[in-house]
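Note sheet for the following structure.
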Amino acid sequence: MAIRMELSRILIRELTDYQVIELREVSDNGTPEHELRTFPIVIGLPEAQAIERRLSGVPVKRPQTHDLLANIMDSLNASLESVSITDLAESTFYAVLKLRDGDGEIVEVDARPSDAIALGVGLSVPIYVAEHVLAQATSENPLESQFEEDLDDDEDEGPPF
């Protein structure tokens with residue numbers, strides 16, 4: 001079963017080797033805010049900047065990689081239906097893009113989560129995480145302690161986007 005998630009924040013620290021996005025479970029209106037599951041994903045600086053740019057609606061003169069992919073899909077009469085994080089192995093997340101092609105068929109395309117989320121954020125599509133991935137990422141997440149201080153420090157700064 002896949003769980004609906006949302007991008008809750010993005011942490012860009014240009015002086016470090018890592019950037020972090022945090023996904024949060026979408027409330028079903030019955031779950032208290034403090035019980036919603038969250039987890040970080042480490043991404044590269046270009047992907048973090050692309051996500052931030054797309055969230056902020058900052059225009060660029062020439063298409064960036066994620067814009068190019070969106071333009072190609074549009075030219076082929078395809079649409080992005082959703083982004084799914086499907087697996088977690090050896091601290092690496094795996095994702096797929098669920099596309100509907102011009103004939104109405106669903107096609108799944110392998111993607112890095114950072115690229116999938118950057119594209120999905122720009123096209124306002126749902127983000128899903130497989131239950132086993134969410135359980136693993138929230139129970140034994142080796143990354144969380146590594147970034148906990150950065151994420152806690154970021155809370156004082158208000159919304160990151």
For Glu47, are the conditions met, namely being farther than 13 Å from Gly120 by Cβ, surrounded by 14 or more Cβ atoms within 10 Å (Cβ to Cβ) and not hydroxyl-bearing (Ser, Thr, Tyr)? no
All conditions in (1) surrounded by 14 or more Cβ atoms within 10 Å (Cβ to Cβ); (2) modelled with pLDDT under 90; (3) outside any helix (DSSP H, G or I) are true of Glu144 except (3)
Restricted to the range 79-99 and to residues being over 16 Å from the mean Cα position of the chain (by Cα) and modelled with pLDDT of 95 or more, the residue nearest to Ala116 (Cα to Cα) is Leu99
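Which of the residues belonging to the range 9-23 are surrounded by 16 or more Cβ atoms within 10 Å (Cβ to Cβ) and at pLDDT 85 or above?
Residues of the range 9-23 surrounded by 16 or more Cβ atoms within 10 Å (Cβ to Cβ): 9-12, 18-23.
Listed by number, the residues that qualify are Arg9, Ile10, Leu11, Ile12, Gln19, Val20, Ile21, Glu22, Leu23.
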Val42 meets each of (1) within 19 Å of Val125 (Cβ to Cβ); (2) in contact with a strand residue (DSSP E or B) (Cβ under 7 Å, 6 or more places away or on another chain); (3) surrounded by 11 or more Cβ atoms within 10 Å (Cβ to Cβ); (4) of a type in the set (A, V, I, L, M, F, W, C) with one exception, condition (1)
Here, strands (runs of 3 or more DSSP E) confined to the range 1-91 with at least 3 residues that are under 28 Å from Ala137 (Cα atoms) and out of contact with any helix residue (DSSP H, G or I) (no Cβ under 7 Å at 6 or more places or on another chain) are 2-11, 19-25, 79-89
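The values are calculated or read from the model by the stated rules, or taken from the named source; none is laboratory data. Please read these numbers as outputs of a predicted model, since none were measured by experiment. Positions of Cβ are backbone-derived with ideal geometry, glycine not excepted, and every protein chain shown enters the neighbour counts.
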